[in-house]
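**Student:** Dumping the structure here so I can ask a few things about it.
Laboratory data are not the source of any read-out in this text; all were calculated from the coordinates shown. A quick note: this is a predicted structure, and the numbers were derived from the prediction, not measured.
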Amino acid sequence: ASVYRALFMGSVIPLNDHRLSGDAIIEHIAGALPPGAEASLMGMQNIKGTGLDFVYRWLSIDLVSGILSELEHSSGAQRAALLNQLLLHDNYGALDAQLALDGLQSRKLSDPHAGALPYDAVIDRLQAELRDNGPHGDRVDSLAERARTFIGNTFDFVDSILRRISAARIMKRLVQGELANADAAKEMRALVARAKTHI
């Protein structure tokens, strides 16, 4: 029994930093596997912050993969619309941004109408995303974010009230049509991530 326990415990990979991004989790998973291997994940849990960002990464990867697949079978105005979707997508991480960049650079070379389409604008945006995400998919906190974290850690109850007020304002703007669903989701994700830093 002790041997089985040792084998099991050796397969458990705890991630103790609650500030990890979804990209960083994916990198930890990939780093635990030999190249080309497949694995099933068990026991993943976390409903706030890090866990949500991990889910958002896969949702974004799915969206980007779908758009790249549609690009292969599109023409004219439809292709321009798909490129604009990639340009306006507001939830890139390191993995999906690299996936989109590789796909578009390859597609651009084989597209005889590339000069009339916004390939370069999307590629520039993706390269900027990859620079901003920093190494290991961890975004660099701004001075304001570091200050807010310090204040939040010192006066968590105050920040909790501020988050609740902010969430109510976001919902009000959404209901009144002042905020698009995607923008509301982005702002709510930021609030949830902020709450996670105080746990």
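**Student:** Per residue and in cubic angstrom, what volume does the convex hull of the Cα atoms of segment 62-101 have?
**Tutor:** Normalising the Cα hull of segment 62-101 by residue number yields 57 Å³.
**Student:** Mind checking the full-extension length gain between K108 and R164? Use 0.36 nm per residue of separation minus the Cα-Cα distance, one decimal, nm.
**Tutor:** Full-extension gain reported as 15.6 nm.
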